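Report on one structure; see the data block that follows.
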């Protein structure tokens, strides 16, 4: 499954690899990869495979789930599809409270004791997932884990999840994607090495650009 | 259908009526009604009926649709469900551009010439729907119209849509909702009159509170 989804992400350019002409992320860091999984919304066949991928992850790792939470904004469409496929209630978690109104981070209704899976488009340093998981816990529900389309597989992300004892699972990942890009003839072995060296040390890699 | 959905919205308190103890809206205006259609996400049976309601609206009024656009944030989950039910591409429209990146209002991919229906949770003064429709047009696509769960039926909203020649359709509306609330014994005839007088002149009504 991770191979098929990696292929999809490359085919529709949800993920782009440019090891020789890096992207500048919003953090200011240079990186050889850019990911916009939101574009998967616009490809019904791709998103159907993603929905099935999420359902497989959840049935395997979090079968006791009772509610789905999407991270605003990018995680909401996939959370909606997964919730509908599983016939479960859905909420979403704002990145910050509304300026007016109840100041709640959670939209929709969670029940106390709900067992929640957080749906995320992308795991980088884990910040958005961890923020959402905390909000769900503060609302009195349990968080079984985070399910995401893709992870860069950065040490910083893994450490952040470990530090708050939060489990996460992804449909595909950086390693599978880079391997598929080589198989598809889109990058050379040298470019593959550049990508892998970025993953090992993204800050050092950026500074050398 | 509008009666069934009005009943759903009252049952789960997505819409609340308090003619004797008005709500204060984020605009500062007092109103006898408050609507949070986002809570429908958390009720699988209700949202399924909403999805079918949207599909019926679209098949009747906009059968030539080729893509679905949700208004961020509240319109995104319903847009996702409708797009999946119809097997169509989906995008969503931000209320303002991201601080970083491409400055685009549209997330996901629209094709030039796409015939788009905008999905909205609620129509009040029409601002959010009209903003989304403009963004879709600026991206080179056509807007067939806006489909929403509910409208307050305010003159200001109707005038705003008319002024930009934008069609809209809703699954249910203020009049159907108030009628159902009377039938359910939730409000008296006198409270019904208070609600209808608000709809005729919401600013004057607010000033008298």
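Bear in mind these aren't lab numbers, they're just calculated from the coordinates by the rules spelled out. On a predicted model such as this, the values are computed, not experimentally measured, just so you know. So basically every Cβ, Gly included, is an ideal-geometry build from the backbone, and we count neighbours across all protein chains shown.
What to note about this one:
- Neighbour-count order for B:198, B:81, fewest beta carbons within 10 angstrom listed first: B:198, B:81
- On Cα atoms only, tilt of B:127-138 relative to the major axis of chain B in degrees: 10 degrees
- Average other protein chain Cβ within 10 Å of Cβ, residues B:82-94: 4
- Sorted by Cβ neighbour density within 10 Å, fewest at the top, the residues A:121, A:36, A:45: A:45, A:36, A:121
- Share of pairwise Cα separations in the range B:119-209, more than 23 Å, in percent: 34 percent
- Ellipsoid semi-axes in whole angstrom, largest first, where each is sqrt(5λ) of the Cα gyration tensor of the protein assembly as shown: 41, 23, 19
- Cα-derived Rg to Rh of chain B, Kirkwood definition: 0.98
- Rounded to 10°, Cα long-axis angle of helix B:174-183 versus longest principal axis of chain B: 40 degrees
- Relative intensity of the range B:135-185 on a log10 scale, I(q)/I(0) at q = 0.15, 0.20 Å⁻¹, equals -0.53, -0.78, per a Debye sum over C-alpha point scatterers of equal strength in the absence of solvent.
- Approximating the spin labels as points 7 Å out from Cα along Cα→Cβ, the residue B:55-to-residue A:197 distance works out to 5.3 nm.
- Shielding by other protein chains, B:65-73, mean Cβ within 10 Å: 2
- Translational D in µm²/s for the range B:1-122 (Stokes-Einstein at 37 °C, 0.692 mPa s, Kirkwood Rh from C-alpha pairs): 206 µm²/s
- Angle between chain A longest axis and helix A:44-61 axis [Cα atoms, degrees, rounded to 10]: 70 degrees
- Burial ranking of peptide ranges A:86-96, A:66-76 (average Cβ count within 10 Å, highest at the top): A:66-76, A:86-96
- Shielding score for B:35-46, defined as the mean number of other chain Cβ atoms within 10 Å: 5
- Going by neighbour counts of Cβ atoms within 10 Å, the residues B:1, A:41 line up, fewest first, as B:1, A:41.
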